[in-house]
Structure formats: structure tokens, C-alpha cells
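To keep things clear, I will list the structure first and then write my remarks on it.
The values are calculated or read from the model by the stated rules, or taken from the named source; none is laboratory data. Remember, it's a predicted structure, so these values are computed and weren't measured experimentally. Cβ coordinates were reconstructed from backbone atoms using ideal geometry, including for glycine residues, and neighbour counts include every protein chain displayed.
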Amino acid sequence: MPHNSFSTLKKFKIGDNKSGQYYSLPALGKALGVDISRLPVSIRVVLEAVLRNCDGKKVTEEHVRQLAGWQPNTSREEEIPFVVARVVLQDFTGVPLLADVAAMRSVAQRMGKNPKAIEPLVPVDLVVDHSVMIDYFGTPKALDLNMKLEFKRNQERYQFMKWGMQAFKTFGVVPPGFGIVHQVNLEYLARGVHRTADGVYYPDTLVGTDSHTTMINGIGVVGWGVGGIEAEAGMLGQPVYFLTPDVVGVELKGQLREGVTATDLVLRITEMLRQEKVVGKFVEFCGEGTSSLSVTDRATIGNMAPEYGATMGFFPVDTRTIDYFRATGRTAEEIAALESYFKAQKMFGVPKARDIDYTKLLTLDLSTVAPSLAGPKRPQDRIEIGNVKSTFIDLFSRPIAENGFAQPAEKLSEIFPTAKKNVSLKNGDVLIAAITSCTNTSNPNVMLAAGLLAKKAVEAGLKVSSKVKTSLAPGSRVVTHYLEKTGLLPYLEQLGFDVAAYGCTTCIGNAGDLAAEYNQAILENDLVCAAVLSGNRNFEARIHPNIKANFLASPPLVVAYAIAGNMTVDLMTEPVGRGKDGDVWLGNIWPTSEEIQALVQSSMTPRDFRDNYAQVQQNPGKLWEKIKGVTGETYNWPKSTYIAEPPFFEGFEMTPAPMPQVRGARALGVFGDSITTDHISPAGSIKDTSPAGRWLTEHGVLKPDFNSYGSRRGNHEIMMRGTFANVRIKNLMIPPRADGSRFEGGDTLFQPGGEQMSIYDAAMKYVAAGIPTVVFGGEEYGTGSSRDWAAKGTQLLGVKAVIARSFERIHRSNLVGMGVLPLQFKGADSVQSLGITGRETYDIEGLEHGIRPQQDVTLVIHREDGVEQRVTVLLRIDTPIEVDYYQHGGILPFVLRQLLADEGAAAKKAA
């Protein structure tokens, strides 16, 4: 279908003496007889992409009509082919993506095809932000020492990235030490609108290989996190397909009270929207309260969309967006184009709730938001600050099944000595206090609040105990600049919050280790110690394997709890600490909004941002310049424990093989509710006794050089051995102990016989015997970060199907993308109601004569006593394109076959 089939290509004026072309949504509405202005703004941005990319093949006129006719409440059956403007990667997910694309080129070369047929068709930016660890802290040298260690550990990965920079025309890298991907995206990479070579303007849209890509929603950019396998398809010219979404409007009213931060607001919104079950939906903010929020406050809320379960948390473009682009050093031409474009599309400004037809409208009065933390295990479990002490004490003795720690109450007051002289530990002790994460470090209001609180605390004579591991990891260098300019950084440093890294650290498990004496005391006495961090994730074992209670808090509260030192200090009724003149209360050191705003106004200029990001190209740093990568169109795959050619294309042929039937399968694991990708996907440190640790040892790697799972995501041998190996995962196949507690760790029972062994070892025995395997789960299977390895590792272990009560959006999509069947129990059926123990064998019937999206299939359970039970389950292959992906063995073989077929057709035409 030609682009102009709807006659919507129009001109618009940019500034006083320039014009451009655009695909007009008002004109489309007129042509179709549809009131486009009633559509949610986020739907309109997606509609523009569908309209502009309408080619009659991947994107048809029917797709345009369907989305233009979006109704707020109807069944969602149509899929949207969304062609994004660009792709953004972080290095943990970006390296395996680059490895997959490099492997595609290797396949093309081996088949006698042109390797250059494999080339990103949209700009791809990789920001190296996940590799640094907090080994050093509390010293002015921490940043330099941690970066040197980072480069030493990751040299092979960085060499691989440099190969990618020269091999692909549209692949760029922001080197280590510049900041967190989402803050760099917000401050630097985002362009507002793009322009084609022939002068057509269109909105900035993207997908990113990190769930918190949604931070970009704060500036009116439609984008969200996808798995690396989806991102690969997007960057290689495939639309990102998703079901037409519901759009939940959130009307914000009023304004925040004195002393309440954007972090408190986002924790309240996360709690509220989790309860509303917005999983897989767009959330769009509207109303006067939304208009009053700064862009950085909006970005904080957008960032947490994965925590409240939404695909996006979207804020329309308005005058505050324009002010932010101006303040962060964008050019006058870019700013004029952004404002003029959105006004021409009649999408400029935050709408009133009554002006848009939402699926559902929720309302939040900002004045009701109170200072809060979230934890100790999930980001949606908000606790108002006055209830933190009582909640911790209550959970301390509650059973594990009730989210507690199952400890005797009297143990809370006990003191436990450590091997370190004159240092003892108590339950509730704060051992990690980290100002970290994209969520908050992009927000100058909360960062300057932390600095002001530190200043007042130091002046009052307060200190932080030496047993607290303190760190400051700003989201960009600009943060350090304004903390220095305002004179606040020295006060943070006096409390131990020296700049330790520019990157995503504690929030993803890169907090580094605790002192050995503390680890020993925790393990020997089964202590429940705490971490307080300004992050977005606090799932079990994520922050540190030995710290069981993890709380999300605003940066100033992180500093306050570091001083208080224990979660049983009630900061509302007890002193934060004792200073030089006696007790000091939180109110004595909490900064006012006037103090914060005065510093925000004076501490940043557009030039600060321009000068900082100019260094990405001009002066990336000596450590980066020393890295030398190989050259050439294809990678040479040198022997490495970091990078290896992935096995996903072994035996690749242009015609896909028939999909194997699942018969006589065994259970590899039976899991409960809220199994996250942190439980499934390898993350954090590598234990020497684990399958991955043993493999590294066998290959001559010493334990100090193990690095983290994240840094080794480019090597499938490591990652498949670490899949389902989380130290806190509970496989319900293993019977409970005498006291009712469950075994924790990545073990299973190999059947028949029931021998206990690691999930990896059992999986390899099943694979060797030609026995397929399945995994069972409960509600919200696969919540957490958009980790492609949670699906890749599952596939490499030989798992043919995951059968759960419900799935998280990205992980379900990724399972399909790796050729693994996601099956969902129907009605009240569950592992528990069906009495599944993992000792049975299983068949999956109903796919033999073709696959339809969301069809019913039959799970046949063969009991040990010979009884057979047939259970209807829902196939969660949701769209026609996902059927194609599955039948090709996954999205990667599907895309590769398309690219090589196109290359072959082009070569034949040229001949």
C-alpha cells in the first residue's frame, strides 16, 4: 500500500522561516471519519508510526484503520506492527544481542551469503553502564579504582563492542563512566523528533533492552523495554508486534506536600497501579497535577512502569518538556521542530481527563502522598515512614509464606559478635546504603535533597557507622557537577557517600561484597540485615545474596537510614542519631522545598550538558582508548570465557524443521507465585561451587576473576549453567523440611528415582536421554527485568513449555521468541489444585494440526500410579506473528531466514 493512500502527508511550519512534512493524524481522522483527538496521546504516537510505515506488507491499511478506530473498552485481538525510530541497549543485554547478530553474520558467511545483509536498519546505541561494581567505597579514590577494575575484568567484552562499532554502520557505544543508560537516553540520546532524508518529521520512539527504558516516557517518547531477542528483530527491520492495549488514564490533582519527594510519589503510584492490575496496559497521565510536575519527576514515575506492571507510564509533550530540552543543551533547531511538530499534530500539552477516552480513569490527589519506603522484598510493598519499624518487627517473625522472615521475636534484640574487632551485628542492621539507580539519580530535586540532608547532618555532628557500605553512583557526570557546584558533595563524602561509579550498581546486584566477617556472622546466625537504596528493584537475593531485607527509598532517606543504622529506628518518633549537641531528629536535618528549588535553579546550565556529552566522541577516556578490537565484517570468535558464538543457529537451514511434539516430558522445576527473572536468569556473583563456577574453574579462571553473571552474558556456557540457580529460588518438587521450611537454591529431583542435583545437571541428563522437560509456575511468572537470558537459558536447558497461572508481558514474549511454549492454567486450575508434584510425566496435545493464537491445548498428566488426567490450558502464543516465530524455532531464525531470503532475491534481481 503506498504511503499516501490516505492523503495525509502535509506541510507544517517550523519557527519563522522553515517548514517540514509530516503524516498528519488530524488529516487521517478526517479521511476516516474518526475523532482522533479523543484517542489517548500514546495511542496517537503509535498510530503515526503505523501510518508512516504503511507499505501494504508488514504494515497494511487495515492496521491503520484498526488502530485509528481504537475503542477504550473492547476485546483486544488485533496486533499492532510498531516500527520504532531507534533501539537503545545496556551492556548486559547489549553484548548477547551483539553476539547474536555477529553469529548471524557468521552463518551468512558460511552459507556463501553476503554478511552485510545483516545490518541494523535503525540507529542502535549501547550505553556501557552495568559492568562496574562497588568494590571500593567511602574514599575519594573509589571511582578511579572501581573503573580500573571494571576495565580489567571486562577487556574482552569491550574489545567485542569495539568490533561492533566498526562492523555496523548504525551501531554506537557510549563508553563506561558516562552514566546510566536511561539517564543518558533522557539527557543526550533522545532527539524529540527525527527527520528523514526527504524532509519528513516523525516522533522519537524506541524499544530498549532494559525494562526501565520507560523512563523516556517522561518526555513524551513512546518506548518500553523488550527482551534482547525482540530488540534484535526491531533493529533488523522487523516491526515490534504487540496486542492493541488498554489505556488507563491517571488523573493527578493537587500538589505534593512539603517534605514529600518524587520517590514517595512513585512508590504510591506503584502501589496503586499494582492493585489496579495494569499489567500489559498503557498508563497515561493527565490533569492539572500532571502539568505541574517537572520532567525529572515525570521520568521518575515513567521509570517505575515495570514495577507497577504497565507497558508504559506515558506523559505527553508540553511546555515543561520544551523547557527540559532547552535546559539539557539541545539545539534551538531541535527544540523548535519538537514544539512545532507536536502542535501541528494537535498533541501538544497535557490533556484534561474529560478530553480523552480512556479504558479506565483513576485519580490520585498528590496532597495525600506521604514519605515512604518499599520492601523488604518487592517494590510495590509500600510502607509509610512512620510504619517502617513496626512493619519490620512484624515481618521478622511472620512465616515465609506471609512474606516474613520466620525468626523468633526475641532474636531481634540480640547482639551477635563478628570476627572484626569491636564490631557486632544485630538483626535489622543497615549494611548497604546506596544512592543509585536510574530512577532517582536523574532527578536533581532528590539528589540535591540528599546533599542538603548530608550537609545538615554533618553540621549537627552525625556520622555513619563503619559497618554500613555507603556508595553514590550518579546517573550521569552532570549530577557530580551540580553537587560540586553547590558545595554539597564534600558533606556526602564525609558520610561515606563518595562517588564510586557512574552506572547501574547496587540496584542490579553490583553492590560488591560485604566484609567477610559480616558475611560469616550473617550466615552463622541466620541474620536478617538490610539494604536501603534509591533504586527500583529489591527482589530477594538481588542486592546481595546474604542481605534478606531490601528497602527502596528516596536519596535523602537513604542517607538518613545510613545514619540511623537499623530498620528498627522509627524516624518519626525517635532520633536519627546523637550529634554534638544531643539527639538529632529527622525534622532537624530534612531540607525544605524552597532550599532545594533555589539550588536547582542555580546549579545547572545547558552548557554543562553539552560539554559533558561532547566527551563521548571527543574524549571518552584513556581506559577506553586503550581497548583495541579486531576489525572486519565478521567476528573471529577467539577463545574466551566472556564471549562465545551462541548455539541458536546450529544446524540452520533456510527451511525450518518441524516442531517436535512434547510427549513423556519431565518437570525440571515446580515453582510458586512471583517467580521473577531474577530467580530464573543468572545475575549477581558466581559461586565457585555452582555449575557455572565449576565450569570457570575447569577453564582456568581463578575465583577472584569470576566477575558477575551479567558481565559474562556473552557466553552461553556460563549463562545456561546459571539459569534457575538463584540462591533464593524454591523448587516445590523438593519436599519441605521437618520444620516446614523449604530448600532454597537451584536444585531439582531427577526422575525417576528422585536424586537431588542442580537443575543444570538434571537438564543435561534429560537432554542426553532425549527426554523433553517442562517448568511449572504460579501467578506473575517472569516478572522483573527484561532479561533475554531468562528465556534463552530456559531453552538451552531443553525446556519445551512453561505452564503457569499467569505471565509477565516481556518474559512471555521472550519464551515464544526462543521457541518455548507458554501455557496458562485456566479458571481455578493450578499446580496446587491439580496436585502436581513433579514426579509425573506430561504430554501436550492439540498443536499437531496447526497453531492458532490463544487456542486451547491439552496438558495430559500421567500420575505415578498410572492414572491419567487431561487438563485444558491456554496457549499464550498471542498473535499471528508469534505463531511464525514459534514455527521457525524462534524469532532469531525467523529474522535470519527473512534477511538471507531478501539478500538472495536482491542478488538474483541484480544478476
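Tabulated data for the structure shown
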| quantity | calculated |
| --- | --- |
| Some residue of the stretch 884-891 being in contact with a helix residue (DSSP H, G or I) (Cβ under 9 Å, 6 or more places away or on another chain), over 23 Å from THR794 (Cα atoms), crowded, with 16+ Cβ neighbours inside 10 Å and modelled with pLDDT under 95 | no |
| Residues (of a type in the set (S, T, N, Q), farther than 29 Å from LYS730 by Cα and assigned to a loop (DSSP other than H, G, I, E, B)) located in the stretch 367-426 | THR418, ASN422 |
| Residue identified as assigned to a helix (DSSP H, G or I), basic (Lys, Arg) and crowded, with 24+ Cβ neighbours inside 10 Å among ARG354, ARG298, ARG326, ARG320 | ARG298 |
| Filtered residues of the stretch 765-775 (kept if hydrophobic (A, V, I, L, M, F, W, C) and either touching a residue at least 12 places away in the same chain (Cβ under 8 Å) or not assigned by TED's automatic domain parsing to the domain that holds GLY819 (or both)) | VAL767, ILE771, VAL774, VAL775 |
| Single residue of the stretch 138-172 satisfying the filter (among the hydrophobic types (A, V, I, L, M, F, W, C) and not in a helix (DSSP H, G or I)) that is surrounded by the fewest Cβ atoms within 10 Å (Cβ to Cβ) | PHE168 |
| Only listed residue being assigned to a helix (DSSP H, G or I) and closer than 25 Å to ASN217 by Cα, chosen from VAL64, VAL59 | VAL64 |
| Test: THR359 is without any contact (Cβ under 8 Å) to a residue 12 or more places away in the chain, surrounded by fewer than 22 Cβ atoms within 10 Å (Cβ to Cβ) and within 29 Å of the chain's Cα centre (by Cα) | no |
| Residues located in the stretch 1-42, provided they are within 19 Å of ASP204 (Cα to Cα), touching a residue at least 60 places away in the same chain (Cβ under 8 Å) and among the polar types (S, T, N, Q) | GLN21, SER24, SER42 |
| Flag for THR655 being surrounded by fewer than 15 Cβ atoms within 10 Å (Cβ to Cβ), outside any helix (DSSP H, G or I) and over 30 Å from the mean Cα position of the chain (by Cα) | yes |
| Matching option when the condition is at pLDDT below 95 and surrounded by 23 or more Cβ atoms within 10 Å (Cβ to Cβ), among THR783, THR773 | THR783 |
| Check on GLU284, closer than 14 Å to GLY220 by Cβ, among the acidic types (Asp, Glu) and in a strand (DSSP E or B) | yes |
| Sole exception among (1) assigned by TED's automatic domain parsing to the domain that holds ALA454; (2) surrounded by 14 or more Cβ atoms within 10 Å (Cβ to Cβ) for ASP581, by number | (2) |
| All strands (runs of 3 or more DSSP E) inside the stretch 735-815 with 1 or more residues being aromatic (Phe, Trp, Tyr) | 747-750, 773-776 |
